[in-house]
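The values are calculated or read from the model by the stated rules, or taken from the named source; none is laboratory data. Just so you know, these numbers come straight off a predicted model, no measurement behind them. Cβ atoms come from the backbone with ideal geometry, glycine included; neighbour counts cover every protein chain shown. Remember, those area values only see protein heavy atoms, side chains included, never the ligands or the DNA or RNA. Shrake-Rupley method; radii C 1.70, N 1.55, O 1.52, S 1.80 Å.
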Amino acid sequence: MPSISLPITYAEPVYRPPSEAQSLLIQVTIGCSHNACTFCAMYRNKQYRVRPLREIGKDLEKAAHFYAQYGQAPRKIFLCDGDALAAPTELLLDVLRQLRTSFPSSVRVGIYASVRNILEKSAEDLAALAAQGLRIAYVGVESGADAVLALINKRVTAEETIQASYKLRHAGWKMSQIYMLGVGGKKLSSAHCRESSRVISETAPNFLSFLTTTVVPSTPYAARTKDGSIELLSVRELLQEMGNIIQNITPKEGQIIFRANHVSNLFPLEGNLPRDRTRLVDTINEWIRVCPADQYPEHDPRYL
């Protein structure tokens, strides 16, 4: 398809997972219903709201007309913003029905979701959404350690993450979990690694990705790094966290497709767990061997 912009006006900025790079993006909500994680400034300039169905429908009509001009359809569709699963179930079902009418050949519909969103939906709601084609949720778990989750103000616990994962799986969904390297600082690094490995092993998500914690200016997290209450990890320590988490992941079932290809990561890495665990850990250990002990990421406050 020619490199032409879709005739849709988005409420910027718009974010999506790396694996949704070629997806049609549809904003169901604007902003994030939680919008209080201490490290995040992605949606600070937006007032959270659910878009009316008529607005969403107009975007779908424009997108359908655009693709029809070229005799094509999007393979994947992704529903934005930060946690669009917070929208009412009936609205999401209406959107999905319109998507199936406009793009019957599209392979998959995905969505950002939070643990709280998932727990607030009934099992029947989640199953109904899956039946209409919404079958993968990207969840920013960040950490499996309750102390870290409290530090970054996620307002959920590790046990709730496990409950939400089971709930999604039983409703017929796939789940992609996202964890943040270094988010607990040096003080909570051991707990972060140990408990994250435990939660990943217990929930056995279909997909797992790591990103490296980036200190965003003017966030509460940045303030705590500057006053010393959160001590950031060096590059070597971040790699050690990655290796420690991977080393101790033992999924209860199946294989986990693992990726560390986010732009924040210093080194790209991918494989399946537990099949490729030895190769992944050996690669990380080689990176650690050649990495200077005093090297810090460029997003360290000392470089801002």
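Values computed for the structure shown
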read-out: Restricting segment 47-70 to residues that are aliphatic (A, V, I, L, M) and closer than 30 Å to ILE118 by Cβ, the residue that is farthest from the chain's Cα centre (by Cα); value: ALA64
read-out: Answer residue from segment 189-211, given it is open to solvent by 10 Å² or more (accessible area, probe 1.4 Å) and touching a His at 6+ places or on another chain (Cβ under 9 Å) and is farthest from LEU134 (Cα to Cα) among those; value: LEU211
read-out: ARG116 being among the basic types (Lys, Arg) and modelled with pLDDT under 95; value: no
read-out: Residue in segment 220-235 that is surrounded by fewer than 20 Cβ atoms within 10 Å (Cβ to Cβ) and under 19 Å from the mean Cα position of the chain (by Cα) present; value: no
read-out: Qualifying residue in segment 250-272 (condition: part of a helix (DSSP H, G or I) and of a type in the set (A, V, I, L, M)); value: no
read-out: Qualifying residue in segment 264-282 (condition: closer than 23 Å to THR38 by Cα and in contact with a helix residue (DSSP H, G or I) (Cβ under 8 Å, 6 or more places away or on another chain)); value: yes
read-out: Residue satisfying condition, being open to solvent by 10 Å² or more (accessible area, probe 1.4 Å) and closer than 18 Å to ALA113 by Cα, within set ALA86, ALA73; value: ALA86
read-out: Tally of residues being in a helix (DSSP H, G or I) and in contact (Cβ under 8 Å) with a residue 12 or more places away in the chain across segment 214-237; value: 9
read-out: Subset of segment 181-197 that is hydrophobic (A, V, I, L, M, F, W, C) and more than 11 Å from ILE245 (Cα to Cα) - its residue that is farthest from the chain's Cα centre (by Cα); value: LEU188
read-out: Selected residue [surrounded by fewer than 16 Cβ atoms within 10 Å (Cβ to Cβ), of a type in the set (Asp, Glu) and not in a loop (DSSP other than H, G, I, E, B)] from GLU12, GLU55; value: GLU55
